[in-house]
Amino acid sequence: MTATGGSATRIVLLGAGHAHHYALAHLEAYARSGCAVTLVAENPFWYSGMASGILGGDYAPEEAQIDVFALAARGGATVVAGRATFIDRPGRRVVLEDGKTVPYDLVSLAIGSGVRTDLTLPGPESAFTVKPLARLWDLRCVLERLVHERAQAPVTVVVIGGGASACEAAANAHALITARGGRAQIVLVTGETWLSVLPDHVRAQVARDFARRGIRVERARALGCTAHGVAVVGRPVITCDAVVIATGLKPPPLAAASGLPVDGEGALLVDANLRSLGDPRIFGGGDCIAIAGHDVPRLGVFAVRQGPVLHANLIAAARGTQLRIYRPQRRWLSILNLGDHRGLATWGPFNWHGRGAWLLKDRIDRAFIRRYRRTCLARWSS
Ligand SMILES: Cc1cc2nc3c(=O)[nH]c(=O)nc-3n(C[C@H](O)[C@H](O)[C@H](O)COP(=O)(O)OP(=O)(O)OC[C@H]3O[C@@H](n4cnc5c(N)ncnc54)[C@H](O)[C@@H]3O)c2cc1C
């Protein structure tokens, strides 16, 4: 699929998500294969592994960010700042929010996900979705201000959601308020089930940990929220200062808007080569795709593993050589940040709760960021 007229194959990386980091760190390979890469993205990239730790006060935002523009530019890619809204496939160009267009021969999507919710939300000063991740930093700033203003009156946060990011948000909001000298009142509204991927005894351990810290778990469905409270089925309205929405992740509308085959949630449908089922010029990885025949969780660990396959296949498609197959891992290490420098690690049937799990997570996450910073520095000095 080389460009016509012997010129370079134009590859557009859309979004600088986890699934594109491998490509961004190996840009020399594209130049060697006669490809010219353009990155269309927002800067900086926020690393999700440390997002809850930002809320909890463990990290400053800069510690969890990658300057993807520097990474791309120093590797020889063209950088276009902005958000894509549409892929004009007949015209072979990507259209951005501000009207700019970027021509392509091949496109790869790693544009992540947003929060899936049908709740009507109050304004951004009191309702915080867990994506984009920068919203967790906004929440931290609001909570720190409230602690400062309130002296000993409690600061109340309701977190809606029953998955890992909801539990992390509840635990870290509690840790932050307490560490800043405030009184935390945290309510986690989970729906019927919570942490359903964990075995019962591990969930019970988290429940005990939350009970010890005074984090209330309400197993009921949230009906709606206002700036002052959350309405829950069968309970009085829970008044609060801030509400966090962590009700699951869903892909952005871009693939569907571009007329590409998508699943029921709007994720780009791809085959085992991570190539669109409807357009051989389009590839994708991470939260914004659904792989036909596989049910892959929306987790960074999967997006990261897709990175090398996506990279190899973009080059193979440009050269007209054989594509690689992506096989999702069957087991993966997951470590929840439960605030107060405590973690819950799970790997297959094994789990481990406490400070050691948090220390391991901290080490892995810092190493992840360091790796990209080193690549950037190496390019700078070469
Ligand atoms: C609070 C929280 C904590 C999490 N913790 C973990 C964890 O510890 N471990 C784990 O494995 N997973 C974790 N996850 C899940 C993880 O965030 C995702 O699975 C992962 O980010 C997916 O990577 P991605 O490559 O799809 O895109 P992302 O890494 O999400 O990045 C997408 C990028 O694309 C950009 N973008 C979006 N739309 C456009 C557009 N139209 N044009 C251009 N750019 C665009 C965004 O700004 C963003 O920079 C967590 C999620 C949340 C919400």
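Data for the structure
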| quantity | calculated |
| --- | --- |
| Condition check for Phe350: under 30 Å from Arg93 (Cβ atoms) and of a type in the set (Phe, Trp, Tyr) | no |
| Residue that is least open to solvent (accessible area, probe 1.4 Å), among those in the range 69-100 that are closer than 19 Å to Cys35 by Cα and within 11 Å of the ligand (Cβ to nearest atom) | Val94 |
| Qualifying residue in the range 364-372 (condition: open to solvent by 30 Å² or more (accessible area, probe 1.4 Å), in a loop (DSSP other than H, G, I, E, B), away from the ligand (no atom under 13 Å from the Cβ) and over 21 Å from Val197 (Cα atoms)) | no |
| Which listed residue, of Ala36, Ala29, is in a helix (DSSP H, G or I) and surrounded by fewer than 20 Cβ atoms within 10 Å (Cβ to Cβ) | Ala29 |
| Leading residue by the ranking (surrounded by the most Cβ atoms within 10 Å (Cβ to Cβ)) among those in the range 314-358 that are within 15 Å of the ligand (Cβ to nearest atom) and among the small types (Gly, Ala, Ser) | Gly339 |
| Residue match in the range 66-88 (condition: among the basic types (Lys, Arg) and either touching a residue at least 60 places away in the same chain (Cβ under 8 Å) or part of a strand (DSSP E or B) (or both)) | yes |
| Among the candidates Glu42, Glu63, residue that is surrounded by fewer than 23 Cβ atoms within 10 Å (Cβ to Cβ) and touching a Gly at 6+ places or on another chain (Cβ under 8 Å) | Glu42 |
| Members of the range 101-123 that are out of contact with any strand residue (DSSP E or B) (no Cβ under 7 Å at 6 or more places or on another chain) and open to solvent by 50 Å² or more (accessible area, probe 1.4 Å) | Asp118 |
| Near pairs, Cβ below 8 angstrom, 6+ apart or cross-chain, from the range 253-264 (touching a residue at least 40 places away in the same chain (Cβ under 8 Å)) to any residue that is part of a helix (DSSP H, G or I) | Leu254/Cys288; Ala255/Cys288 |
| Selection count, the range 17-26, where residues are open to solvent by 10 Å² or more (accessible area, probe 1.4 Å) and either within 11 Å of the ligand (Cβ to nearest atom) or touching a Pro at 6+ places or on another chain (Cβ under 9 Å) (or both) | 4 |
| Residue in the range 206-227 that is open to solvent by less than 50 Å² (accessible area, probe 1.4 Å) and within 16 Å of the ligand (Cβ to nearest atom) present | yes |
| From the options Ala169, Ala173, residue that is part of a helix (DSSP H, G or I), open to solvent by less than 40 Å² (accessible area, probe 1.4 Å) and within 9 Å of the ligand (Cβ to nearest atom) | Ala169 |
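The values are calculated or read from the model by the stated rules, or taken from the named source; none is laboratory data. Being a predicted model, the structure only gives us computed values, none of them experimental. Cβ coordinates were reconstructed from backbone atoms using ideal geometry, including for glycine residues, and neighbour counts include every protein chain displayed. All accessible areas refer to the heavy atoms of the entire protein, side chains included, with ligands and DNA or RNA removed. Shrake-Rupley method; radii C 1.70, N 1.55, O 1.52, S 1.80 Å.
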